[in-house]
Structure formats: structure tokens, C-alpha cells
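K.L.:
Okay, handing you the structure first.
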Ligand code: PA5
């Protein structure tokens, strides 16, 4: 079991426009500082996600809740957004059987369907609520802050439906939130509702291995202990301060050098696996919200992550990656061994366009196309690297989450920004509160009222 990183195609030796060996040798000492800074932050209790693999109490709470819920629900609906939704979505896509929600209960081993509502589009919410049997549904309301407008709105809609149906909220709601603060915690205390804790020192987009991801995972039968074991293994692999031995450090340094020294500030994340397609969205949020900040010089800084899917995007975005502006790195994610494979029958030996495919397998085709794309990108002078998972299972997913979270912390240090906050989204939230009349939004209302109004000259 392993996750390997091959960055040969990031280096100038293989790719004109890649990282020169001298540049890479110099990066070693920079990484020693970055590594020390992360260790100091961890010692100060800041990087709580690093401690999650050891949190037996958290695991027991998740498993206990899931065991008590077993057989009681046909549907589990996560209400959450951003870091409170993307982890559960990535886990479901990677580790539940394909088409999970369309399978019969017996094919799901009696486990519930899993839905994640990560938007407030009424069309989606109305459609889902209309087809659920509420008496057989559990709503997992996930919010670290316990007050995010979108999640609270969804929650109120659901609470209204439960009351109308005279269903006891404590049988159909569980909160995942901060242990002390926020409206959800206060409600849980007041109404004696079940609530699991997100450790105070773990922020939204670093929370997939807290009950945010683990509870939905456990409810559908995913092996949460294996997720944490994989994360622990990766944490150990990322302990060394020598760059060449630290996968998260190597990933962060390569991306930062490519951006800062080589003008490649767009970072494509491209799994060659349908199971991992939603990992790309999870990574995009992690990289974007953590690193897109006002830098130490007062200017906007940070790379732009982009999600793609192999092979599908070979017929879409890859044209841009190959011949468009040379401002990107591409991370290809490979799976060494598919869980199922399908042999392509050799049915038409006389038609050249079909004959060469016969006898190969679909996994072979997927993998050959991934290698071909990596080689073609290199040939075009487009730096790329490949992360290979031996297989897609809970252990490898846990490791991948840990590696990319730690890489983000290192990258924050390199870009000299705080990868744990998101001040840029605050103003939009305040304006929303102002327009909806939230009591404490007076100042935002005044600021909103001063903004220029739409000008008829520029409308048509
Ligand atoms: O990564 C983050 O911190 C954010 O994307 C949050 O997850 C998102 O804003 C939702 O916040 P909360 O979990 O407090 O409702």
C-alpha cells in the first residue's frame, strides 16, 4: 500500500521550462525553514488536523453514532457548504459503489443513500425533499461555525418539514459543529439534540477527517479507522525535514517554484479515475481558499487551482494545457490497480480503428492514455507530475487527504500567507446579511448603500 509521487516531468532535464536542478537544490534549505515553521505551529496547537489520526475518542463517537443509526434510515442528507461538504462528497464518490444512491437497499448492504446539499438552489432542495420519506431520513447538519447562512437556511427548511410531519427532531437531526460555540451548539444544548464535535483547531477545509467526513462515511459503511490509518502513515512519511524524503513538501515546493520562478500559477489536478473525480473539487477548494490571499507586500497572491478529469478532459481542456499559455502545472493522479476491470473483446480484426483495442482492458486504456498525456505534456514543455495510488480505498484516501493538507500548509509558508483563514469571503457575507436584514449588519448595510448602483448606460 503506497502513494507515490513521480515529479520527473517537473524537472528541466525532462521538460524545457521545468525546474532546474540548481533551483531544486536551493529549495532544500527553504524547505527546512518551512518544515520548522509548520512544526512550531503544530506545537502551538494550531494544526489540529495533524492530530486527527490519533483521536480515538472522535472515532469512537462517530462509530457509536453510526452503529445506533444502523437500519433506521434509508437516506442520509448532509447539509453543509465549502469544507463542510466537499470532503463528504469526495468520500462518497471514491469509496461508495458507483451509482450508490441508485442501488437497491440490498445492494447497499442495508446502508442508506447519501446526499450532500451544498447549495441553496431551491430546485435541488425541493426535488430532494419531495422524494424523501422523512420518517426514514437522517439530516446531518454540518457547520464548524454553526452559523453559516446557507446551512442555517437549509436547516430551517428541514426543521419546518420535520415539525409539519410531527417527527421528533432528535430522531432525524445530528449536528456536526464546534464543541462550544455557534448557534448549532446552542440549539443542541437547548433541545438535547445529538451533536458531534469538530476540534476547535481544525478549520473547514481541513476537516474531512473529523466527523465532518467521518460521520457520513461511517453511516454508509466506509472504514473510518482505515481512513485515519492511511492519514497517519502519510503523516509519518511527511515527518522528514529533508525535501527529497517528504512528499507533501516536494509537492508544495514544486508548485510554488513553478508559480514564482517559472510563471506557472495555474495548478491543474487531474485524476484518471471516476472514483477520484470529486477529490479534484476538494483540492481546488483547499488550494484556492487557503492560498489566494493578500500577500506580505500587500498585493494579491496565490496559485489558481483547476479541476480536470482523465481521460474525459483529453477531449476538452487538454488542448488548452498542451498549446495554450504555458502557465500551468498538471498533477495527474493514477490508480495502479483498478478494483474491477473490463476486457475489450477482439471482435473486428479487419478494421484497424477497432482491431488494436481488442484484448486490452479498459484500465489499461485509461492508464496508457494517462501516460501518453504525461509524455505529450512533457514533449510540449508543460511540467507535470504523477501521484499514484496503489488502489482507491479508505487507507489511500486518508493518505491523500493528509498529504495535500500538509502540502497546503507548507505552501502557505512559501507564499507567506495564512492558509487557515479566508478573510476575503467576509465582505460578501456581510452584504448578504445586510440585504436580508440581519440585526447586527447595520454597518454592512451602510457600506452597501454607498456602493454605485447599476448604471443604465452599461446595461442592455
Ligand atoms: O474552509 C472553510 O473554512 C470554509 O470553506 C467553510 O468550510 C465554509 O465556509 C463553511 O463553514 P462552516 O462549516 O462554518 O459552516
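K.L.:
Testing residue 180 on (1) more than 24 Å from the chain's Cα centre (by Cα); (2) buried (at least 23 other Cβ atoms within 10 Å of the Cβ), one condition comes back false. Which one is that?
P.N.:
Against the list (1) more than 24 Å from the chain's Cα centre (by Cα); (2) buried (at least 23 other Cβ atoms within 10 Å of the Cβ), residue 180 comes up short only on (2).
K.L.:
Are there any pairs with C-beta distances below 7 angstrom linking a residue in the stretch 203-214 that is within 19 Å of residue 287 (Cα to Cα) and part of a helix (DSSP H, G or I) to a residue that is modelled with pLDDT under 95 and within 12 Å of the ligand (Cβ to nearest atom), with the two at least 6 apart or on different chains, and if so which?
P.N.:
Close Cβ pairs (under 7 Å, with a partner that is modelled with pLDDT under 95 and within 12 Å of the ligand (Cβ to nearest atom)) do not exist here.
K.L.:
Can you pull out the residues in the stretch 281-302 that are more than 16 Å from the ligand (Cβ to nearest atom), touching a strand residue (DSSP E or B) at 6+ places or on another chain (Cβ under 7 Å) and without any contact (Cβ under 8 Å) to a residue 60 or more places away in the chain?
P.N.:
300
K.L.:
Count, please, the residues in the stretch 83-107 that happen to be surrounded by 20 or more Cβ atoms within 10 Å (Cβ to Cβ) and out of contact with any strand residue (DSSP E or B) (no Cβ under 6 Å at 6 or more places or on another chain).
P.N.:
Number of matching residues: 9.
K.L.:
Testing residue 410 on (1) free of Cβ contacts under 8 Å to residues at least 60 places away in the same chain; (2) part of a helix (DSSP H, G or I), one condition comes back false. Which one is that?
P.N.:
(1)
K.L.:
Among 1, 11, which is the only one that is more than 16 Å from the ligand (Cβ to nearest atom), at pLDDT below 95 and either closer than 23 Å to residue 227 by Cβ or in contact with a strand residue (DSSP E or B) (Cβ under 7 Å, 6 or more places away or on another chain) (or both)?
P.N.:
Working: 11 fails: at pLDDT below 95.
Matching residue, one of 1, 11: 1.
K.L.:
To continue, here is another question. What's the total number of residues in the stretch 427-446 that are surrounded by 14 or more Cβ atoms within 10 Å (Cβ to Cβ) and more than 33 Å from the chain's Cα centre (by Cα)?
P.N.:
1
A quick yes/no check of all residues on (1) in contact (Cβ under 8 Å) with a residue 24 or more places away in the chain; (2) surrounded by fewer than 16 Cβ atoms within 10 Å (Cβ to Cβ):
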residue: 1; (1), (2): yes, yes
residue: 25; (1), (2): no, yes
residue: 28; (1), (2): yes, yes
residue: 31; (1), (2): yes, no
residue: 36; (1), (2): yes, yes
residue: 53; (1), (2): yes, no
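K.L.:
Okay, moving on. Among the residues of the stretch 370-378, are any surrounded by fewer than 19 Cβ atoms within 10 Å (Cβ to Cβ) and in a loop (DSSP other than H, G, I, E, B)?
P.N.:
Checked the stretch 370-378: no residue is surrounded by fewer than 19 Cβ atoms within 10 Å (Cβ to Cβ) and in a loop (DSSP other than H, G, I, E, B).
Residues checked against (1) within 15 Å of the ligand (Cβ to nearest atom); (2) out of contact with any helix residue (DSSP H, G or I) (no Cβ under 9 Å at 6 or more places or on another chain); (3) assigned to a strand (DSSP E or B):
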position: 90; (1), (2), (3): yes, no, no
position: 108; (1), (2), (3): no, no, no
position: 111; (1), (2), (3): no, no, no
position: 120; (1), (2), (3): yes, no, no
position: 124; (1), (2), (3): no, yes, no
position: 135; (1), (2), (3): no, no, no
position: 140; (1), (2), (3): yes, no, yes
position: 147; (1), (2), (3): yes, no, no
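K.L.:
Taking the condition of being surrounded by 12 or more Cβ atoms within 10 Å (Cβ to Cβ) and either without any contact (Cβ under 8 Å) to a residue 12 or more places away in the chain or over 23 Å from residue 257 (Cβ atoms) (or both), how many residues in the stretch 317-333 meet it?
P.N.:
Residues flagged as surrounded by 12 or more Cβ atoms within 10 Å (Cβ to Cβ) and either without any contact (Cβ under 8 Å) to a residue 12 or more places away in the chain or over 23 Å from residue 257 (Cβ atoms) (or both) within the stretch 317-333 amount to 4.
K.L.:
Within the stretch 151-187, can you find the residues that are more than 14 Å from residue 77 (Cβ to Cβ), within 16 Å of the ligand (Cβ to nearest atom) and in a helix (DSSP H, G or I)?
P.N.:
Residues satisfying the conditions are 152, 153, 156, 183, 184, 185, 186, 187.
K.L.:
Shifting gears a bit: Tell me which residues, restricted to the stretch 146-184, are out of contact with any strand residue (DSSP E or B) (no Cβ under 8 Å at 6 or more places or on another chain) and under 17 Å from residue 438 (Cα atoms).
P.N.:
Residues satisfying the conditions are 147, 148, 149, 150, 153, 156, 183.
K.L.:
Would you tally the residues in the stretch 244-256 being over 15 Å from residue 400 (Cα atoms) and in contact with a helix residue (DSSP H, G or I) (Cβ under 6 Å, 6 or more places away or on another chain)?
P.N.:
3
The values are calculated or read from the model by the stated rules, or taken from the named source; none is laboratory data. What you see is a predicted model; the values in this text were computed from it and never measured. Don't worry about glycine lacking a Cβ; one is built from the backbone with ideal geometry, like all the others, and counts go over all protein chains shown.
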